[in-house]
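Notes follow the structure.
The values are calculated or read from the model by the stated rules, or taken from the named source; none is laboratory data. Nothing here was measured: the structure is a model prediction, and the numbers come from that model. Glycine also receives a Cβ, built like all others from the backbone with ideal geometry; neighbour counts cover every protein chain displayed.
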Amino acid sequence: MLRNETEGAFKLKRTLSLLLIAVAATGLMTLPAAGQVNPEAAPGPSPAAPLKYEAFAGVAYSRLRQVPVSFSGLIGGKASLARDWGRYFQLIGSVDYYRVGTGHSGIPNPGNPSVYSILVGPGLHATLYGNLSGQFFGELGVEHTGGVNMSPDISFAGGFGGGLAYNLQHNFALQLTGDRVGASFPLPNPTNPNTTPNLGYSTHRTWNARVTFGVAYHF
């Protein structure tokens with residue numbers, strides 16, 4: 001009887017020992033597997049924040065139809081800042097200044113005209129192909145004509161335009177735009193259009209075509 005109990009206890013201890021060894025071996029095998037990460041389940045890098053602003057600066061040319069007996073156009077510069085709203089819409093504010101006369105070199109006294117404008121308006125932009133994108137915009141604001149003794153020399157102005165942009169590296173892009181801006185100024189006095197103002201204050205609307213080329217930066 002004692003012998004049977006001893007053999008039973010020995011078998012029980014042996015069974016428990018084998019069970020403990022099996023559990024320990026299973027735990028050791030699962031440790032390397034737990035250290036492996038499923039690439040599909042691993043969280044990827046967080047997406048970059050969308051670029052919402054665009055700053056632009058470039059050289060510009062404008063026709064000068066409000067001063068007929070003068071240069072055909074003026075060369076200057078343009079700077080603008082745009083804020084994107086969603087994927088396609090944006091709000092654009094721009095400042096233009098034109099000072100260097102060109103064209104109509106045969107006129108003996110072209111005067112010393114200058115033009116600046118401050119315009120704000122909505123825009124649409126979209127990718128056309130690859131790095132090439134297009135835009136269309138409207139604009140409204142004020143325009144000033146100086147250097148020709150014009151009175152009044154400030155007018156409400158508005159227009160529309162469009163352009164193309166080619167994206168480069170590091171958020172830069174080359175941009176070419178054109179627009180047509182209308183404003184109302186007094187007709188020049190025919191006796192001396194560059195020095196004598198027209199005091200009748202009657203205005204005449206003129207539309208000037210403008211073109212700009214420069215560099216844009218997205219941030």
Exercise. So Ala157 fits all but one of (1) at pLDDT below 95; (2) buried (at least 16 other Cβ atoms within 10 Å of the Cβ); what number is the exception?
Worked result: (1)
Seminar exercise, completed: Those residues of the range 179-193 which are at pLDDT 90 or above and either farther than 24 Å from Val120 by Cα or surrounded by 15 or more Cβ atoms within 10 Å (Cβ to Cβ) (or both) amount to Asp179, Val181, Gly182, Ala183, Ser184
For this session: Say whether the condition of being at pLDDT 90 or above and either among the acidic types (Asp, Glu) or outside the structural domain of Gln175 (by TED's automatic domain parsing) (or both) is met by at least one residue in the range 35-49.
Result: no
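One line per residue, one yes/no per condition, for (1) within 24 Å of Ala165 (Cα to Cα); (2) in contact with a Phe, Trp or Tyr (Cβ under 9 Å, 6 or more places away or on another chain); (3) of a type in the set (Phe, Trp, Tyr); (4) at pLDDT 60 or above:
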{"site": "Met1", "(1), (2), (3), (4)": "no, no, no, no"}
{"site": "Leu16", "(1), (2), (3), (4)": "no, no, no, no"}
{"site": "Ala24", "(1), (2), (3), (4)": "no, no, no, no"}
{"site": "Ala33", "(1), (2), (3), (4)": "no, no, no, no"}
{"site": "Gly58", "(1), (2), (3), (4)": "yes, yes, no, yes"}
{"site": "Tyr61", "(1), (2), (3), (4)": "yes, yes, yes, yes"}
{"site": "Gln66", "(1), (2), (3), (4)": "no, yes, no, yes"}
{"site": "Gly73", "(1), (2), (3), (4)": "no, yes, no, yes"}
{"site": "Ile92", "(1), (2), (3), (4)": "yes, yes, no, yes"}
